[in-house]
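The block underneath contains the structure these notes are about, expressed in structure tokens.
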Amino acid sequence: MDSRKTFLKETLLVTGGMAAGVAVMFAAFAALGYWDLTVLWGGLVGGGLSLANFLLMSLGINAAADRAEQQNVKGGQSLIAVSFLLRYVGLFLGLFLAARSGQCNLIALLAPLLFPRIALTVGEFFRKKEDRPA
């Protein structure tokens, strides 16, 4: 149950950070005079792919941890390796197709890949001391 609670907290944190990061990115493009529909589509597609990657990673790690608790460590390690490979192939294909379509600004498409890390890093500053790992 504790892992599900952590999963939900982290997912909400990353989703909020993603929304805030994409909004700031849109504002920066508008302020610099580069706003157009390709920026909108790039931010939405890039943000969606980045968020999906984070969610699938979290689900894979939770499933691997469940297997490890059941004394199937090798199965958990295999699950993480397969999850990593499939997530990155899917992420690459999604980004490639979006960039190739010409409907997405490349910077707006790729910048959201950084936002989950930024959200998690900033979230660490506000985490309660008793919630921090030892």
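Among the residues of segment 29-39, the ones that are without any contact (Cβ under 8 Å) to a residue 40 or more places away in the chain and either among the basic types (Lys, Arg) or surrounded by 14 or more Cβ atoms within 10 Å (Cβ to Cβ) (or both) come to 1 in all.
Being exposed (fewer than 14 other Cβ atoms within 10 Å of the Cβ) and either within 21 Å of ARG117 (Cβ to Cβ) or of a type outside the set (Gly, Ala, Ser) (or both): is that true of VAL89 here? Yes: the conditions hold for VAL89.
Quick one: count up the residues across segment 50-81 that are among the basic types (Lys, Arg) and surrounded by 15 or more Cβ atoms within 10 Å (Cβ to Cβ). Write out each step before concluding.
Filtering segment 50-81 for residues among the basic types (Lys, Arg) gives 67, 74.
Checking which are surrounded by 15 or more Cβ atoms within 10 Å (Cβ to Cβ) leaves us with 67.
The qualifying residues number 1.
Within the option set GLY16, GLY47, being surrounded by fewer than 14 Cβ atoms within 10 Å (Cβ to Cβ), within 12 Å of the chain's Cα centre (by Cα) and in contact (Cβ under 8 Å) with a residue 12 or more places away in the chain holds for one residue only, GLY16.
Counting the residues of segment 80-124 that are free of Cβ contacts under 8 Å to residues at least 60 places away in the same chain and within 19 Å of the chain's Cα centre (by Cα) gives 23.
Of GLY123, GLY76, GLY60, GLY90, all but one fail to be in a helix (DSSP H, G or I), small (Gly, Ala, Ser) and within 29 Å of ALA27 (Cβ to Cβ); the exception is GLY123. Is it true that some residue in segment 32-42 is in contact with a Leu (Cβ under 7 Å, 6 or more places away or on another chain) and over 21 Å from LEU8 (Cβ atoms)? Scanning segment 32-42, I find at least one residue that is in contact with a Leu (Cβ under 7 Å, 6 or more places away or on another chain) and over 21 Å from LEU8 (Cβ atoms), so the answer is yes.
Coordinate-derived values only; no laboratory data. It should be emphasised that the depicted structure is a prediction, and the values quoted were computed from it without experimental measurement. Positions of Cβ are backbone-derived with ideal geometry, glycine not excepted, and every protein chain shown enters the neighbour counts.
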